[in-house]
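The values are calculated or read from the model by the stated rules, or taken from the named source; none is laboratory data. Bear in mind that the values here come from a model prediction, so they are computed numbers and not experimental data. So basically every Cβ, Gly included, is an ideal-geometry build from the backbone, and we count neighbours across all protein chains shown. Remember, those area values only see protein heavy atoms, side chains included, never the ligands or the DNA or RNA. Shrake-Rupley method; radii C 1.70, N 1.55, O 1.52, S 1.80 Å.
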Amino acid sequence: MSSTLRIVNGKVYDPINGVDGEIRDICIKDGKIVEDVPSDAPRIDAKGMVVMPGGVDIHCHIAGPKVNLARKLQPEDHRFDVHPRTRFTRSGSGGTVPSTFATGYRYALLGYTTAMDAAVPPMGARHTLEEFHDTPIIDKGFYIILGNNLLLYQLLKEGRYRELRDAVAWWVNATKAFTIKLVNPGGVEVWKERRNANVTNLDDKVDAFDVTPRQIIEALVNVANELGLPHPAHIHCNNLGIPGNYKITLETMRTVEGRRVHFAHIQFHCYGGEPGGKMTSKAPEIAEYINKHPEVSADVGQVMFGKATTMTGDAPLGWMLRRISGNKWVNADVEHEGGCGIVPFVYKERNYVHALQWAAGLELFLLSEDPWRLVLSTDHPNGGSFLSYPRLIRLLMDREFRNEQIRKVNQRAIRQTVLLDNLDREYTLYEIAIITRAGPAKLLGLKNKGHLGVGADADITIYTEDEDKEKMFSTPRYVIKDGKVIIKEGEFCADHEGRLLHSAPEYDREIEEVIRPFFEQYYTVQFANYPVPENYLHNHEVVPTRQS
Amino acid sequence: MTDVRVVENATCTFCGCVCDDIILTVEGDRITQAKNACTLGKAWFTEHTIEDRPVALVDGREAALQEAVEAAARILVESRFPVIYGLSDTTCEAQREAVAIADYIGANIDTTTSVCHGPSGIAFQGVGESTATLGEIKNRADLVIYWGGNPAEAHPRHFTRYSVTPKGMFVPRGRKDRTVVLVDVRRTPSARAADIFIQVKPGKDFEVLWALRALVKGRPVPSFIEEETGVPLATLQDLVERMKNCRYGVLFFGMGLTMTRGRHFNSGALLALVTDLNEYTHFVAKPVRGHGNVTGADNVLSWQTGFPFAVNFSRGFPRFNPGEFTTVDLLARGEADAALIIASDPASNFPRPAIEHLRRIPVIALDPKPTYTTDIAKVAFTTATYGINVAGTVYRMDDVPIYLRPAFPSPYPSDEEVLRAIKVRVCELLDIPLPNGKHH
């Protein structure tokens, strides 16, 4: 059965193919963009509308064990934000950590069609896949956290580099992950091992293994590149949120200089000052480093005012936020693989630190010289819900609105930044299309996403052009997923099951004989029962590795 | 000759330990050996038989599967306040179908959590929880405290597989590297495994926990605490020192805490105590869950609705309100007008007013065995047993999902298959389009 569609008269923004607001037809057949379709194919008249590829979120937290704990933790959040069933869609609940169905539908309602969960302990892969199966419309994948993995520490300590590489590849295959993630490398293990301690610099020792964060980072960045994972090692640096942390961030960047690497929610890692002292913004220094190093990419992790939920594989950070806020706290250690901290949080405009974080994120955006490599995120729901993306887009596109907002927040914080120093840049629609779809798709190595060229997945969003960019990006007129119209005039007209995106790097099977004994001795799940069987994959796609 | 097969790495779903290292010897449709299983697990596997029963009964008469599905779907569609209950002894795949039905018909859905660790779920929402997978306990815990539970009899392998005797990475000598404490209102067989047994007067757990919190924070506790709770102040002080000075402590708690006076206040006090202790050292807590997949039920409900149990869809979206939407309460008030019971036997273990109401309304029951509930059911399905006859996902008490390896097939359909068939028929009757004809 073939289905066709032609979108006519729309202003197309397709940066990967260099299309900047030209009126042209987009033709769709069987879920893909094609050159042409018969003239009697169904049409959407997009006159006065903007046509873009579906949004791609490179870093969010939407499924798996910690997300579900955060859901369970906050009935108060769901109660005020219900998500009713429609004829085509399941019901759910919202808040900063929506139920699975609500997550899929609400991403679609924003015109996003792909999202990547950025931190899943390998042991939680199965759980994540089960939730993904109940997360409709969007395509999705996840990154496994390996930065506090004890078997890898052992191999690293013993200098067994080849085996380390094969073990990483085994883990990606066993869990059906997309790429690997490092979260506070070394720190989470020290948290569990040494009465809630943490590492504070790159050469601190993780006692029992005699390895350092620097060694872990270097090894895993290299491994990810050697394996040719579609997206390189995705790093959440040490000392997140701590004044003065820009130093360790820059040092981490220099440690792996010249190698492909992605830094997550970089805003949270760009502070000056001294630990325990007053926080300042070093966003310009970080932005400058990224600008000058084409091998490096990052997502911003913008803070948005209002309710958030901090949820992180960085367990010591979770404890710090608990102490700062006094809010309820979840900690969840995962054997040999990592940890997790969850604390409900509210960012307040009048609060010095919160305003500084907000402003530092904007500085990063406005000082970035390459939108392809510094892309949009709020580290949902850590800096704020993905539902705040339209407001963030308006902050970037509309100087007057931004300045109005700047005046509303803590002015002592603003004075620590360069926001009022003639930083009057306004993002264009073309640049927005880069930081919300084309850029992330490219960084993820998703060749069929983020653009509207022939062969691309027909994931398309059509917005009504509007001066108020927040309004424009909040309510797409049409959302098309795999060639199927899902949202029409802002209403769901179909449901759809998205795909799992994962990678399958090659490795030497002999590595199982290294991993098995470790499992038999230390894990509580049988080695044979640990890898995720195929039947959890449902609709899925293996994204090819990069040729090295 | 029956052929003899061995199934390795099989999973026992009898209790929340969900041990996945069982080696089954299977002869035809009998399991003759269950190596590594505890006494409960051995009985679970080796006493399992496929009985010659009809696949379904409608009004007590034998019925074909399709006819029973039709009858069940019509009951659900025609009812105004259907309740779906049970779910802790079936797979997550079946649980997902049950929530889908609830969503489509606007039902109330609740699990056996509401009569076991429901109060811990409520306490979790209020306080949060510092917790860990069981492997962390095995490899790190040097102080292990059980409170209000009797694992020696209820979870026999908990001690040997996860928490007391195993040698671990940071506790290489196993039992010798750990201090084990049992707190309970009576000296159960579990006390033998403990270095320290602390006996609390019945109904005084909250007072003891609150006194411990005070001591941890360095606040004075009056000496009449002993008279009040049965525990000498010096014992509490000693316990506090041990808790503050261990390297990795764990507090396991059972229904002795959650289903006695104080309920979610007890669980909340315990979780708050554990949070407080993290000012001094690493400390975690863990409810010791009973049914094989009750933890899965909490997880599935949470990801699909946002709430772990006691969920009502009557307004077209999920609402949570224990007391209002918990099954015992709404049955006892005579509210539901139909019930779909999956893998649970409320007609045998609910309070009398709830059972009486259950007898008054049409009941649909899914169970591998005849039960009091299938007896009173208008529509009763015989289903295959999870873990023994059907595959699927089960969550261990520490939220770790395990995939089941069934020993041999059953002639009966799985809960998942029956529920999906009911769902599909319900959607046809209500004219709800199903995406791809499957899924949600």
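Contact map, the stretch A:451-478: first residue touching a residue at least 60 places away in the same chain (Cβ under 8 Å), second residue open to solvent by 10 Å² or more (accessible area, probe 1.4 Å) and part of a helix (DSSP H, G or I), Cβ cut-off under 6 Å, separation 6 or more or different chains; pairs are A:451/A:16; A:451/A:17; A:453/A:17; A:469/A:394; A:469/A:397; A:470/A:391; A:470/A:394. Every residue in the stretch B:239-257 that is out of contact with any strand residue (DSSP E or B) (no Cβ under 8 Å at 6 or more places or on another chain) and open to solvent by 10 Å² or more (accessible area, probe 1.4 Å), please. Scanning the stretch B:239-257 gives B:241, B:244, B:245, B:255.
Yes or no: residue A:112 among the hydroxyl-bearing types (Ser, Thr, Tyr), more than 30 Å from residue A:23 (Cα to Cα), within 20 Å of the chain's Cα centre (by Cα) and away from chain B (no Cβ under 13 Å)? Before you say what the answer is, go through the steps one by one.
Values: among the hydroxyl-bearing types (Ser, Thr, Tyr): yes; more than 30 Å from residue A:23 (Cα to Cα): no; within 20 Å of the chain's Cα centre (by Cα): yes; away from chain B (no Cβ under 13 Å): yes.
No, not satisfied.
Taken across the stretch A:367-379, residues that are in a helix (DSSP H, G or I) and under 30 Å from residue A:295 (Cβ atoms) do occur, with at least one present.
Only helices (runs of 4 or more DSSP H) whose full extent lies in the stretch B:191-286 are considered here, and the ones with at least 3 residues that are under 27 Å from residue B:16 (Cα atoms) are B:205-216, B:255-258, B:264-277.
When the residues of the stretch A:68-98 are filtered to those that are of a type in the set (A, V, I, L, M, F, W, C) and either over 19 Å from residue B:129 (Cβ atoms) or assigned to a loop (DSSP other than H, G, I, E, B) (or both), the one that is farthest from the other protein chains (Cβ to nearest Cβ) is A:80.
Step by step: first the residues of the stretch B:174-190, then only those that are in a loop (DSSP other than H, G, I, E, B) and touching a residue at least 24 places away in the same chain (Cβ under 8 Å), then the one that is surrounded by the fewest Cβ atoms within 10 Å (Cβ to Cβ). Which residue is that? Spell out how you get there, then give the answer.
Step one: filter the stretch B:174-190 for residues in a loop (DSSP other than H, G, I, E, B), giving B:178, B:185-188.
Those left that are additionally touching a residue at least 24 places away in the same chain (Cβ under 8 Å): B:178, B:185, B:188.
Working: B:178: 22, B:185: 16, B:188: 19.
Looking at residues that are in a loop (DSSP other than H, G, I, E, B) and touching a residue at least 24 places away in the same chain (Cβ under 8 Å), I get B:185.
Residues in the stretch B:277-286: is at least one among the hydroxyl-bearing types (Ser, Thr, Tyr) and more than 10 Å from chain A (Cβ to nearest Cβ)? So far as the stretch B:277-286 goes, no, none of its residues is among the hydroxyl-bearing types (Ser, Thr, Tyr) and more than 10 Å from chain A (Cβ to nearest Cβ). For the stretch B:398-439, a tally of residues being within 14 Å of chain A (Cβ to nearest Cβ), in contact with a strand residue (DSSP E or B) (Cβ under 7 Å, 6 or more places away or on another chain), in a loop (DSSP other than H, G, I, E, B) and hydrophobic (A, V, I, L, M, F, W, C) returns 1.
A Cβ distance below 8 Å, combined with a sequence gap of six or more or placement on separate chains, defines the contacts here; from the stretch A:383-410, residues that are under 15 Å from residue A:428 (Cβ atoms) reach residues that are of a type in the set (Phe, Trp, Tyr) and part of a helix (DSSP H, G or I) in the pairs A:393/A:473; A:394/A:401; A:394/A:473; A:395/A:401; A:396/A:365. Look at (1) touching a Pro at 6+ places or on another chain (Cβ under 6 Å); (2) away from chain A (no Cβ under 12 Å); (3) in a helix (DSSP H, G or I); (4) open to solvent by 10 Å² or more (accessible area, probe 1.4 Å) and you find that residue B:76 fails only one, number (4).
Criterion first (crowded, with 24+ Cβ neighbours inside 10 Å and among the basic types (Lys, Arg)) does residue A:437 satisfy it?
Here the answer is yes, as residue A:437 does meet what is asked.
When residue A:524 is tested against (1) open to solvent by 50 Å² or more (accessible area, probe 1.4 Å); (2) closer than 14 Å to residue A:123 by Cβ; (3) touching a residue at least 12 places away in the same chain (Cβ under 8 Å), exactly one condition is not met: (1).
Just to be sure, is residue B:337 more than 14 Å from chain A (Cβ to nearest Cβ), farther than 19 Å from residue B:254 by Cβ and out of contact with any His (no Cβ under 6 Å at 6 or more places or on another chain)?
Numbers: more than 14 Å from chain A (Cβ to nearest Cβ): yes; farther than 19 Å from residue B:254 by Cβ: yes; out of contact with any His (no Cβ under 6 Å at 6 or more places or on another chain): yes.
Yes.
State all residues of the stretch B:191-229 that are under 25 Å from residue B:123 (Cβ atoms) and among the hydroxyl-bearing types (Ser, Thr, Tyr); if no residue qualifies, say none. Matches in the stretch B:191-229: B:229 only. Can residue B:32 be described as of a type in the set (Val, Ile, Thr) and outside any loop (DSSP other than H, G, I, E, B)? Criteria met by residue B:32. Within the stretch B:99-130, the set of residues being surrounded by fewer than 24 Cβ atoms within 10 Å (Cβ to Cβ), facing chain A (nearest Cβ under 10 Å) and hydroxyl-bearing (Ser, Thr, Tyr) comprises B:104 only.
Answer yes if at least one residue in the stretch B:164-173 is away from chain A (no Cβ under 12 Å), of a type in the set (Ser, Thr, Tyr), open to solvent by 20 Å² or more (accessible area, probe 1.4 Å) and not in a helix (DSSP H, G or I), and no otherwise.
The answer is yes; a qualifying residue exists.
Answer yes or no: is there a residue in the stretch A:253-269 that is of a type in the set (S, T, N, Q), touching a residue at least 24 places away in the same chain (Cβ under 8 Å), in a loop (DSSP other than H, G, I, E, B) and open to solvent by less than 10 Å² (accessible area, probe 1.4 Å). There is no residue in the stretch A:253-269 that is of a type in the set (S, T, N, Q), touching a residue at least 24 places away in the same chain (Cβ under 8 Å), in a loop (DSSP other than H, G, I, E, B) and open to solvent by less than 10 Å² (accessible area, probe 1.4 Å). Can you find a residue that is facing chain A (nearest Cβ under 9 Å) and either under 27 Å from residue A:332 (Cβ atoms) or among the acidic types (Asp, Glu) (or both) anywhere in the stretch B:54-70? Taking every residue of the stretch B:54-70 in turn, none turns out to be facing chain A (nearest Cβ under 9 Å) and either under 27 Å from residue A:332 (Cβ atoms) or among the acidic types (Asp, Glu) (or both). Among residues of the stretch B:261-274 that are open to solvent by 70 Å² or more (accessible area, probe 1.4 Å), those with a beta-carbon under 7 Å from a residue that is part of a helix (DSSP H, G or I) at least six positions away or on a different chain give the pairs B:263/B:119; B:264/B:119; B:264/B:122; B:264/B:123; B:265/B:206.
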